[in-house]
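A short write-up of the structure that comes next.
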There are 2 protein chains.
Amino acid sequence: MKNLFAGIMAGGKGERLWPLSRESHPKQFLKIGRKKTLIELTTERVESLVPRENVIFITTEKLKHKFLEYFPGYRVLFEPVGKNTAAACAFMAKVVQKVAGNDAVILMVPADHVIIDVDGFKKTVEFAVKIARRGYLVTIGIVPDRPETGYGYIERDGVIEEWGDLKAFKVKKFHEKPDRERAVEYLNSGNFYWNSGMFVWSVRDILDAFKKHMPGLYALLEKYDLTRGEDLLAFYGEVEEISIDYGVMEKAENIAVVEALFDWEDVGSFSSFDRVVDTDENGNVVIGDAVVLGGKNNIIVSDGGLVAIYNVQNMVVIHTGDVTLVIPRDDAQDVKKLLKEVRKIEGFESYWK
Amino acid sequence: MKNLFAGIMAGGKGERLWPLSRESHPKQFLKIGRKKTLIELTTERVESLVPRENVIFITTEKLKHKFLEYFPGYRVLFEPVGKNTAAACAFMAKVVQKVAGNDAVILMVPADHVIIDVDGFKKTVEFAVKIARRGYLVTIGIVPDRPETGYGYIERDGVIEEWGDLKAFKVKKFHEKPDRERAVEYLNSGNFYWNSGMFVWSVRDILDAFKKHMPGLYALLEKYDLTRGEDLLAFYGEVEEISIDYGVMEKAENIAVVEALFDWEDVGSFSSFDRVVDTDENGNVVIGDAVVLGGKNNIIVSDGGLVAIYNVQNMVVIHTGDVTLVIPRDDAQDVKKLLKEVRKIEGFESYWK
């Protein structure tokens, strides 16, 4: 599409899928049962909409080696330090402004989500771009299929525009991750979407929104030239660490949500692997070499080795050459707690860095 | 002791403690939380009784590399193929007969048992040698401290000799591994010992016993010269595969059991690790690098890596560089079943060989 840019947000601390992911090998560089890494698939999806020269990665200095390996020749913005999505969106907007002006539209997508239906993605984004060109800051909302408590929700308001299956609504309110009861309400109401963390906006509109809702950040954008190394360092030293949702989207008036035509999964923990990988006849997800006797509903991943389990249920079992992780599926989001303990121990650096 | 030889039985298929043990790296070469391997500790124990030149290992050709590495300069008998303990005891008896005659006494011990109390071991064996010199085939019986269903039992009969704490009895009967109810009976009766698989006998008596109770094997001993490679191969090709317990001990009349002064553990499965390694405050056995959050009563072994577990109970979790095993403690003896499945799969050879 004309004058459209894609910003692929590829930070990530490699925590939630540890030990498969590491600080130096975060989630977007995992394959999760596929032939390509999540970030490669994200890039392919995005390139169905924008030419390669309009694809811009934004990541941290720490991952430079990965981008040299996987995306030589691509444009990559290296943040000196991760400062959450508001800073990343601002950095991206300034870079696109410089090369394509204020009318350019930017699609911001996380690098590490799973979307199978590339065509649905393409159609949804094309429509979102159209809405963005009308002056909206557009979020892409996923139609929920379960009362998920792990995602934020977007409550829609009146229709802005419909076009075939495609629908855009004003946003009534962003909602934090709900408890189970509330998640069921959201699901049943039919007016709620999952917040996918994908956005579409023009350079002008997002910069205006920063000016209005994050004047501190905007002042830094005025003060520093982010194409200069020293200035970039200063900007990232001073800028507030906040998500674009908190900093801008929840405050702005001109917010729209476009209903996604595609299914989506952010693979936020091992327990969601069964939604992105086929299960065997006993409900086990098996990636890599494994022998499973009498085990049911397990998530089993072997990264270059063998997992052998016997009479084990509802468990996550991960093998890498240097680490074995065992955690009940229902506790899979607590991998971070475990990792926190690992990080405390001197001599264990190689297990997480 | 004078004219005493030690035969250290060091075959082993590396099955029960897989993946720590492998076909080429069986249990006796594991350290199991100690600084030395089980076979090194066994050898040290034995050398408190016999000079090094009277120590003879008996193992299979497959493990030649291990003995070259661990015991250079030691005498090692290599069986062309493992044929259980009767053949090994016969081979050993013929070798000792050749170097020291019919009056020599042989202590036969498995290489892979754990005995902490070296002094108790020494005293017990010295007494057993004395009993053997009276013409008995002596077994060493362990005083049971629990109704163990994983061991065979020896029922004692009248006293042969007492000397301080040391006692030798005639044997009334050998009993197979009992069910739980029977094991409780055995424990309560006070007349039962665990069958440790350690024996003491003179060359003359054991050969006489073979002649009487295993005439087929004895005929092969007459036919072949086991010091000659071709004959050894023929002997092992033809000899019956049977344990010394079944083949001789359960049939012979002149059997004695000497009550051991020491505790003993054969480490027959991962579930017994808590009897040979100290547990942490939550009942976990931890060998190697591990982080355990909210887990109780687990057996955790990391062989060159990290095991991280969370909210997991009563589980065996083993990490090696190439394999992760997860199995409930109560099922730990079924590692063999799991291994059988692994062996069926083409391309998985490196995981068990």
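The values are calculated or read from the model by the stated rules, or taken from the named source; none is laboratory data. The structure presented is a predicted model; accordingly, all values stated were derived computationally and were not measured. Heads up, the Cβs are rebuilt from the backbone with ideal geometry, glycines too, and the neighbour counts pull from every protein chain shown.
Quick look at the values:
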read-out: Boolean, A:D245 is over 23 Å from A:E23 (Cβ atoms), of a type in the set (D, E) and in contact (Cβ under 8 Å) with a residue 40 or more places away in the chain; value: yes
read-out: Boolean, A:D289 is touching a residue at least 24 places away in the same chain (Cβ under 8 Å), surrounded by fewer than 23 Cβ atoms within 10 Å (Cβ to Cβ), of a type in the set (D, E, K, R) and at the interface with chain B (Cβ under 9 Å from one of its Cβ atoms); value: no
read-out: Considering residues of segment A:271-315 that are assigned to a loop (DSSP other than H, G, I, E, B) and of a type in the set (S, T, N, Q) only, the residue nearest to B:V335 (Cα to Cα); value: A:N311
read-out: So A:L187, is it assigned to a loop (DSSP other than H, G, I, E, B) and modelled with pLDDT of 95 or more; value: no
read-out: Hits in segment B:3-18 - residues which are more than 10 Å from B:N54 (Cα to Cα) and assigned to a loop (DSSP other than H, G, I, E, B); value: B:A10, B:G11, B:G12, B:K13, B:G14, B:E15, B:R16, B:L17, B:W18
read-out: Unique residue being over 30 Å from B:F192 (Cα atoms), crowded, with 18+ Cβ neighbours inside 10 Å and in contact with a strand residue (DSSP E or B) (Cβ under 7 Å, 6 or more places away or on another chain) when the list is B:V55, B:V109, B:V81, B:V105; value: B:V55
read-out: Residue identified as in contact (Cβ under 8 Å) with a residue 24 or more places away in the chain and outside the structural domain of B:G150 (by TED's automatic domain parsing) among B:W264, B:W201, B:W194; value: B:W264
read-out: Condition check for A:K62: under 29 Å from A:L338 (Cα atoms), more than 15 Å from the chain's Cα centre (by Cα) and either at pLDDT below 95 or outside the structural domain of A:S202 (by TED's automatic domain parsing) (or both); value: yes
read-out: Subset of segment B:340-353 [assigned to a helix (DSSP H, G or I) and facing chain A (nearest Cβ under 8 Å)]; value: B:E341, B:V342, B:Y351
read-out: Every residue from segment A:316-338 that is under 21 Å from B:D303 (Cβ atoms), facing chain B (nearest Cβ under 7 Å) and either β-branched (V, I, T) or outside any helix (DSSP H, G or I) (or both); value: A:V317, A:H319, A:G321, A:D322, A:V323, A:T324, A:L325, A:V326, A:I327
read-out: Condition broken by B:R34, with the remaining ones in (1) over 28 Å from B:E250 (Cα atoms); (2) in contact with a Leu (Cβ under 9 Å, 6 or more places away or on another chain); (3) at pLDDT 95 or above satisfied; value: (3)
read-out: Qualifying position, being out of contact with any Lys or Arg (no Cβ under 6 Å at 6 or more places or on another chain) and buried (at least 23 other Cβ atoms within 10 Å of the Cβ), among A:V76, A:V96; value: A:V96
read-out: Residue check, A:E230 in a loop (DSSP other than H, G, I, E, B) and either buried (at least 19 other Cβ atoms within 10 Å of the Cβ) or more than 14 Å from chain B (Cβ to nearest Cβ) (or both); value: no
read-out: From B:I242, B:I300, residue being surrounded by 16 or more Cβ atoms within 10 Å (Cβ to Cβ) and within 14 Å of chain A (Cβ to nearest Cβ); value: B:I300
read-out: Qualifying residue in segment B:260-277 (condition: more than 13 Å from chain A (Cβ to nearest Cβ), touching a His at 6+ places or on another chain (Cβ under 9 Å), more than 15 Å from A:V317 (Cβ to Cβ) and among the aliphatic types (A, V, I, L, M)); value: yes
read-out: Scan of segment A:214-258 for residues that are out of contact with any helix residue (DSSP H, G or I) (no Cβ under 8 Å at 6 or more places or on another chain) and within 18 Å of A:V200 (Cα to Cα), ordered by number; value: A:M249, A:E250, A:E253, A:V257
read-out: Cβ pairs under 7 Å, 6+ apart, first in segment A:294-312 and in the same structural domain as A:R275 (by TED's automatic domain parsing) and without any contact (Cβ under 8 Å) to a residue 60 or more places away in the chain, second aromatic (F, W, Y) and part of a loop (DSSP other than H, G, I, E, B); value: A:L306/B:F348
read-out: Top-ranked residue of segment B:320-353 - restricted to ones that are among the hydroxyl-bearing types (S, T, Y) and either surrounded by 14 or more Cβ atoms within 10 Å (Cβ to Cβ) or under 21 Å from B:Y310 (Cβ atoms) (or both), ranked as farthest from the chain's Cα centre (by Cα); value: B:T324
read-out: Of the criteria (1) under 21 Å from the mean Cα position of the chain (by Cα); (2) acidic (D, E); (3) farther than 26 Å from B:I318 by Cα, which one A:E238 fails; value: (1)
read-out: Verdict on A:E222 being acidic (D, E) and either surrounded by 22 or more Cβ atoms within 10 Å (Cβ to Cβ) or in a loop (DSSP other than H, G, I, E, B) (or both); value: no
read-out: Residues being within 7 Å of another protein chain (Cβ to nearest Cβ) and either touching a Leu at 6+ places or on another chain (Cβ under 6 Å) or not hydrophobic (A, V, I, L, M, F, W, C) (or both) - total across segment A:303-315; value: 4
read-out: Residue match in segment B:13-23 (condition: closer than 29 Å to B:M214 by Cβ and either in contact with a strand residue (DSSP E or B) (Cβ under 8 Å, 6 or more places away or on another chain) or at pLDDT 95 or above (or both)); value: yes
